[in-house]
Every structure is written in C-alpha cells, then in structure tokens.
Amino acid sequence: RQMELDLREALHNGQFRLDYQPIFDLKADRICGFEALMRWEHPRRGLVSPAEFIPVAEESGLIVAMGEWAMHEACREAIRWPDPLRVAVNVSAIQFRNSGFADIVVQALARSGLDPHRLEIEITESIFLEGSGPTLDLLHKLHALGCRIALDDFGTGYSSLSYLRSFPFDKIKIDRSFVINVADDVGAAAIVRAIVDLAGALDMETTAEGVEDSEQLAALRSQGCSSIQGFLFSRPLTTEGVARLLKDQR
Ligand code: G
Ligand code: G
Ligand code: MN
Ligand code: NA
C-alpha cells in the first residue's frame with residue numbers, strides 16, 4: 001500500500017507533529033491539560049487527517065513506532081508547561097498490547113523528566129477485546145508508575161460495565177456522539193447523566209468531548225461533568241498556540 005510506504009518515510013523524515021487540544025476543568029474554572037493529537041504534514045497532499053492514517057498505521061503495525069515517537073514528543077512538550085498541567089496521549093490497542101509498551105512509557109518519563117502524574121494515557125474500549133488478564137496487569141503497572149488512565153470514546157465500543165468496576169480508570173471521556181445532542185435530546189441527556197453519576201460513584205472524573213456550543217456546556221455543567229474539551233473552548237493548537245494561550249492565561 002502506498003500510504004504504508006509514505007507513513008514509514010514520514011516517521012523517518014519528521015513529517016509528524018502533535019497538536020494539543022485544551023481540556024477545561026469546569027470546577028476549577030481553568031485549563032487542566034491538553035490532549036496530544038497526531039498530525040501528518042504530507043509533502044504533496046498537505047495535512048492528512050489521523051482518521052485516515054491511524055487505521056493504516058494500525059493494520060501495518062507502524063502504529064507501534066509512531067506511538068513511541070508520540071509518547072516521547074508529548075512528554076518532552078509537557079515538561080515546558082506549568083506544573084499541574086497534564087498531557088493526554090492516545091494509545092491504540094495494538095500499541096497497548098505490544099510487549100514493550102510499559103518500557104516506552106518509563107523511558108519517555110525518564111528522558112523528559114515529566115512527573116508521571118502529569119501523563120494521562122488514553123485507551124479505548126477495544127483493549128478489552130482480547131483477554132482482560134494481561135490488560136488489567138498492564139493498567140495496574142502504569143498506575144504504579146504514577147500515570148493516569150482515561151477511557152476514551154466511552155459508550156461507543158464493547159465495554160461491559162463490569163470493566164469499569166475492575167479496572168483502575170481515573171477518567172471516562174464521554175464520546176462526542178452523546179455530547180452533540182445533550183442539550184436537546186432527553187435520551188442523550190439521560191445517558192450523559194448516567195455516565196457522570198456512575199463515574200462519580202466509582203471515583204472517576206469525566207471529560208465531555210466535542211463540546212461546540214454554550215447550550216451543551218450549560219447542560220454538561222448542570223449534570224456535574226468534571227471537564228470539557230471541544231471547539232467551543234478551543235480547537236487543537238500548535239505548540240506555539242499552546243504557548244500563547246498559557247501566556248494569556250497568567
Ligand atoms: O485529531 P482528530 O482529528 O482528528 O483525531 C482523529 C482520531 O485520531 C481520534 O480518534 C484520535 O483519538 C486519533 N488520534 C489522534 N492522535 C493519535 C495518536 O497519537 N495515537 C493514536 N493511536 N490515535 C490518535
Ligand atoms: O477519538 P479522540 O477523542 O481521541 O479524537 C478527538 C478528535 O475530536 C480529534 O479529531 C479532534 O480534532 C476532534 N474534535 C475535538 N473537538 C471537537 C469538536 O468540538 N467538534 C468536533 N466535531 N470534533 C472535535
Ligand atoms: Mn482521545
Ligand atoms: Na475520544
């Protein structure tokens with residue numbers, strides 16, 4: 001596949017970068033961190049969406065090397081931000097199941113000097129597809145390192161509620177598909193409320209994804225959601241954009 005060859009080349013030639021989307025804490029009323037989102041600056045095609053290249057990277061196994069690069073890059077960037085601010089890094093199931101994953105995290109933390117509590121690892125429900133024993137061990141290991149763990153795209157995948165009880169998540173990210181209708185659809189609002197209440201009872205935080213307007217924000221606030229992420233507050237920013245935002249905030 002041409003794209004696979006292009007991805008290999010991109011990794012070697014430094015065509016990937018990370019943009020960072022702010023996550024805004026509704027209770028503290030300030031930014032609590034940023035989600036790192038991979039971008040591919042293709043020499044001919046311009047900016048290629050991760051929705052297009054991540055699946056190819058996963059099929060080819062290249063996601064392991066790309067993810068290692070992203071983990072190092074994100075930690076290296078986050079060390080420059082004021083201390084409590086966290087960085088959230090997306091980790092695909094294939095990368096997570098790769099035996100070297102915990103070592104990659106250890107190395108990225110050591111090399112950057114980032115406090116492990118400032119690293120949040122975002123995984124999706126797809127990690128549960130293949131046996132939960134090793135998955136649970138790895139999650140505990142990452143926790144023991146001091147990292148936080150977020151369950152991304154919650155409600156769209158395969159998870160059973162029992163996983164929420166047995167796995168050490170710090171946060172549930174409420175999928176955009178529920179957030180879109182939270183202000184005007186009683187069904188979507190009920191689902192969001194149920195997720196927020198369940199998370200609270202299990203001592204987990206919640207981040208609503210894809211928040212685009214103030215009606216959605218008001219609904220999420222009244223439901224007790226901990227934090228929001230979306231175009232309403234900010235699009236993903238370049239590292240320069242992050243620096244500007246943090247400077248304006250002081
Ligand atoms: O940035 P946004 O545009 O379009 O991202 C699209 C999808 O790509 C999201 O589902 C996001 O989780 C995923 N994604 C973005 N960056 C990374 C990354 O570094 N690693 C993995 N595995 N997925 C990523
Ligand atoms: O799957 P994941 O949550 O990691 O992906 C985040 C994706 O959502 C990125 O592609 C990001 O650019 C996109 N995104 C972030 N905020 C919004 C938003 O408010 N609206 C829409 N439509 N997409 C968003
Ligand atoms: Mn994510
Ligand atoms: Na998500």
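Give the calculated FRET efficiency between Leu129 and Asp197 to the nearest 0.05, with a Förster radius of 30 Å applied to their Cβ-Cβ distance. After rounding, the FRET efficiency stands at 0.65. Taking all Cα pairs closer than 8 Å and separated by 6 or more residues, the relative contact order of segment 2-249 comes to 18 percent. Here the extension length gained between Asp103 and Asp170 equals 22.0 nm, from 0.36 nm per residue of separation less the Cα-Cα distance. Here's the picture: charge each Lys and Arg Cβ at +1 and each Asp and Glu Cβ at -1 in the chain, and of Ser234, Pro84, Ile31 the one pushed furthest to the positive end of that dipole is Pro84.
Relative to the Cα centre, the charge distribution of segment 106-178, modelled as +1 at Lys and Arg Cβ and -1 at Asp and Glu Cβ, gives a dipole magnitude of about 220 debye. About its Cα centre, the chain has a charge dipole of approximately 620 debye under the convention of +1 per Lys or Arg Cβ and -1 per Asp or Glu Cβ, with nothing else charged.
Proximity of backbone amide H atoms, modeled 1.01 Å from N, is registered between Arg86 and Gly33, Phe34 at under 5 Å, excluding neighbours fewer than 5 places apart on the same chain. Rounded to the nearest 20, the Cβ-based charge dipole of segment 1-125 about its Cα centre (Lys and Arg +1, Asp and Glu -1) stands at 260 debye. Could you tell me the calculated FRET efficiency between Arg17 and Glu59, based on Cβ-Cβ distance and R0 = 25 angstrom, to the nearest 0.05? Between Arg17 and Glu59 the formula returns 0.65. Karplus-derived 3J(HN,Hα) values for segment 7-17, using 6.51 cos²θ - 1.76 cosθ + 1.60 with θ = phi - 60°, are 5, 4, 5, 4, 5, 6, 9, x, 8, 8, 9 Hz; glycine and proline are entered as x. Projecting the Cα positions of His42, Trp69, Leu202 onto the charge dipole of the chain (unit charges on Cβ atoms of Lys, Arg, Asp and Glu, taken about the Cα centre) puts Trp69 furthest along the positive direction.
If the chain linking Glu240 and Leu5 were pulled fully straight, counting 0.36 nm for each residue of separation and taking away their Cα-Cα distance, it would gain 81.6 nm.
We did not get these values from a lab; they are worked out from the coordinates using the rules stated. For clarity, every value in this text was computed on a predicted model and none was experimentally measured. We place every Cβ from the backbone using ideal geometry, glycine too, and count neighbours over all the protein chains shown.
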